[in-house]
Amino acid sequence: QRQLVESGGGLVQAGESLRLSCAASGRTFSSCDMGWYRQAPGKGREFVAAIDWSDGSPYYADSVKGRFTINKDNAKNTVYLQMNSLKPEDTAIYYCNAACAKGHSDLENYWGQGTQVTVSS
């Protein structure tokens, strides 16, 4: 069974940094696109960042470009989200996501339980 567990959230002041971790266990995620989404109170879940399984190319939402960095350590089966210059609008529950091949043409999504990030002004 595949499982994702996030950690590293907390309460910080605007301008500070946090690093989120997503530990993967069970079946390998080596062929999965890994990413981060977030959900603020009363709002829908929005895309934050992702990393392509094939070539490692990162993708970012416009709201976090230049501030957040996604990377992964395949040996540790862990995906990271380095968050710098945090803003109050970054406050949300952050979820780790894996989009994995299912058969030859379909994808299946896996989600972690979420970790709370709160940025005060």
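The values are calculated or read from the model by the stated rules, or taken from the named source; none is laboratory data. All values reported here derive from a predicted model rather than from experimental measurement. FYI the Cβ positions are ideal-geometry reconstructions off the backbone, even for glycines, and counts take in every protein chain you see. Accessible surface areas use protein heavy atoms only, side chains included; no ligands, DNA or RNA. Shrake-Rupley method; radii C 1.70, N 1.55, O 1.52, S 1.80 Å.
Of the numbered conditions (1) hydroxyl-bearing (Ser, Thr, Tyr); (2) more than 12 Å from the chain's Cα centre (by Cα); (3) open to solvent by 60 Å² or more (accessible area, probe 1.4 Å), Thr69 satisfies every one except a single condition; which is it?
Going through (1) hydroxyl-bearing (Ser, Thr, Tyr); (2) more than 12 Å from the chain's Cα centre (by Cα); (3) open to solvent by 60 Å² or more (accessible area, probe 1.4 Å) one by one, Thr69 breaks only (2).
Quick one: Ser63 ticks every box in (1) open to solvent by less than 70 Å² (accessible area, probe 1.4 Å); (2) farther than 16 Å from Lys87 by Cβ bar one, so which box is it?
Condition not satisfied by Ser63: (2).
Within the bounds of region 77-93, is there any residue that is modelled with pLDDT of 95 or more, open to solvent by 70 Å² or more (accessible area, probe 1.4 Å) and not small (Gly, Ala, Ser)?
yes
Among (1) at positive phi; (2) open to solvent by 60 Å² or more (accessible area, probe 1.4 Å), where does Glu46 come up short?
Looking at each condition in turn, Glu46 falls short on (1).
Looking for whichever is free of Cβ contacts under 8 Å to residues at least 60 places away in the same chain and under 17 Å from Gln113 (Cα atoms) here; the options are Gly56, Gly44, Gly10. Which one fits?
Gly44
Which of the following residues is closer than 14 Å to Asn77 by Cα, of a type in the set (D, E, K, R) and open to solvent by less than 60 Å² (accessible area, probe 1.4 Å): Arg2, Arg38?
Only one candidate passes the filter, namely Arg2.
Report yes if some residue within region 80-89 is more than 21 Å from Ser17 (Cβ to Cβ) and touching a residue at least 24 places away in the same chain (Cβ under 8 Å); otherwise report no.
Among the residues of region 80-89, not one is more than 21 Å from Ser17 (Cβ to Cβ) and touching a residue at least 24 places away in the same chain (Cβ under 8 Å), which makes the answer no.
Please list, ordered by first then second residue, the pairs with beta carbon atoms under 6 Å, 6 or more apart or interchain, first in region 59-78 and at positive phi, second open to solvent by less than 30 Å² (accessible area, probe 1.4 Å).
These pairs meet every condition: Asn77/Ala24.
If I filter region 102-112 for residues that are assigned to a loop (DSSP other than H, G, I, E, B) and acidic (Asp, Glu), do I get at least one hit?
Among the residues of region 102-112, not one is assigned to a loop (DSSP other than H, G, I, E, B) and acidic (Asp, Glu), which makes the answer no.
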